[in-house]
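Have a look at the structure below before the remarks.
The values are calculated or read from the model by the stated rules, or taken from the named source; none is laboratory data. These numbers were taken from a predicted model, which means no experiment stands behind them. FYI the Cβ positions are ideal-geometry reconstructions off the backbone, even for glycines, and counts take in every protein chain you see.
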Amino acid sequence: MATCTCGCGADTGFQAPLKALNFLRAHAHGDEQTIAVAWEREDGNVYRYDLTVPARIHPAMLPGVKHLVERVVKFVLWSAGGWKLHLSGPDNIVKPIARAYKKKGARAFDVAFFNDLYARPLETVVVPLKEMPETHEREVVVKNNTNGSRIGFDLGASDFKVSALRNGKVVFSKEFPWDPRNQPDPDYHYEKLSAGLEAAAAALGGRVDAIGGSTAGTLVGKRLGPASLIRAVLEKAPEKKDLARGLFARIEEEWQCPFEVFNDGDVTALAGAIAMKRTGILGMAMGSSEAVGYINPKGALTGRINELAFAPVDLNPNAPKDEWSGDAGVGAMYFSQQAVDHLARLFGFKFPKSMKLPERLKVVQEAMEKHDEKALRVYLMIGRYLANAAAWYREFYDYSNLMVLGRVTSGFGGEVILNTAKMGLEAVDPYLAEQIDIFMPDEKTRRLGQSVAAAQIPVVA
């Protein structure tokens, strides 16, 4: 167990994967081998990651190496997405991982999720290093377009926002309440979103030149994957899942104009890029879960799914478990309302069992504004986690700007998270601390919002 050094006095058992990775690199110097991981996804896109490990792994180190490699394989999957896993390395390390990604293997949740997402069985192959595919990702440069009459929407878990823009000026913006997680009929989603779009169109005098959207959950093209927004449909009315996943196709067909929709994390990063004129942005929203988006240094989207809520950030096998995937040490348990709840109870907060996570967060935030010691420990710990994650994420993303936002970062607690993360990153890796700017959006960026940013994506001739 590792004791926290952030000043909170806690011992959470957090085990930073980058620390383990750097340990292996140091011990491999001059006598090394490569373990390669590549996930292939739609349209021939591939993301590959190579680990350098000692050529001769001491038996005492072998369990730790196996665990780290398995965590890297899972991280790359939830970062990039994929339907085919390519592995190269010692059989005693990579073959058990290949077996884990079977229908009844240890990673059965992941297999079912991606089988569903790509509508094809997940495959695994173990090959020599020379046969491993190289990284190949189609980059889509996204520029903010302001011409014409545009509508943008942002679909969240408890409400969605619709904005109307005329030549870049916002003429309408409204939040609409909804409860998609508990609605097994996909017509509910369609009718609610349609009503919001109609209200925006009325504000534009009926002329709509383009529609852009931001949505929680995974997308393959414009097709919804097993997203939380349609979880009730998938679980209670699976015969209607194709209709639910075709929500955006229905909208596009009806409105007959340029139409684009992206994951909410990507639109968050795009909003930062537009407002702050930056590229190489990793946007992290800490809300009901962890939502991440990525704009590369060229100002392009890469087609990755960026579902880091399910990606490992803690090697401790006894780390808190995500309620949906059942896996331990993944991002949702460190950068979300779930994280606040877990840490708050660990540090002495008492909540009624009936109290939901948003209300629990509010209790902790109110305590923080009164400089409550228990609340302070919660935010110090999240800041410590963020420092380690910032360095770990850099292994898989080429970024220099980490934009942090979301309900968890509101108020004084957010300031503590930010400052602790900056100081913590200096302790984790002084070089990276100089390379990565961890920041929260300024007022201009917050005003832009995801619905407004999304409206600017489609190209209008």
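Laid out as a table, the results:
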{"item": "Hits in segment 313-356 (condition: surrounded by fewer than 24 Cβ atoms within 10 Å (Cβ to Cβ), in contact with a strand residue (DSSP E or B) (Cβ under 6 Å, 6 or more places away or on another chain) and not in a loop (DSSP other than H, G, I, E, B))", "result": "321, 328"}
{"item": "Matching option when the condition is assigned to a helix (DSSP H, G or I), touching a residue at least 24 places away in the same chain (Cβ under 8 Å) and under 27 Å from the mean Cα position of the chain (by Cα), among 36, 20", "result": "20"}
{"item": "Pair list, Cβ under 8 Å, 6 or more apart: segment 86-111 residue not assigned by TED's automatic domain parsing to the domain that holds residue 64, other residue of a type in the set (A, V, I, L, M, F, W, C) and at pLDDT 95 or above", "result": "none"}
{"item": "Conditions (1) under 25 Å from residue 312 (Cα atoms); (2) assigned by TED's automatic domain parsing to the domain that holds residue 242; (3) among the polar types (S, T, N, Q): number failed by residue 158", "result": "(1)"}
{"item": "All positions within segment 400-442 that are of a type in the set (D, E, K, R), surrounded by 18 or more Cβ atoms within 10 Å (Cβ to Cβ) and farther than 19 Å from residue 377 by Cα", "result": "429"}
{"item": "Residue, surrounded by the fewest Cβ atoms within 10 Å (Cβ to Cβ), within segment 39-52, restricted to residues that are of a type outside the set (D, E, K, R) and not in a strand (DSSP E or B)", "result": "44"}
{"item": "Residue among 402, 386, 361, 380 that alone is touching a helix residue (DSSP H, G or I) at 6+ places or on another chain (Cβ under 6 Å), at pLDDT 95 or above and not in a helix (DSSP H, G or I)", "result": "402"}
{"item": "Breaking point among (1) among the β-branched types (Val, Ile, Thr); (2) surrounded by fewer than 24 Cβ atoms within 10 Å (Cβ to Cβ); (3) assigned by TED's automatic domain parsing to the domain that holds residue 147, for residue 279", "result": "(3)"}
{"item": "Answer residue from segment 67-86, given it is under 17 Å from residue 319 (Cβ atoms) and not β-branched (Val, Ile, Thr) and is surrounded by the most Cβ atoms within 10 Å (Cβ to Cβ) among those", "result": "78"}
{"item": "Residue 191, sole failed condition from (1) in a helix (DSSP H, G or I); (2) surrounded by fewer than 19 Cβ atoms within 10 Å (Cβ to Cβ); (3) touching a residue at least 12 places away in the same chain (Cβ under 8 Å)", "result": "(3)"}
{"item": "Residue 264, sole failed condition from (1) closer than 21 Å to residue 222 by Cα; (2) modelled with pLDDT of 95 or more; (3) touching a strand residue (DSSP E or B) at 6+ places or on another chain (Cβ under 6 Å)", "result": "(2)"}
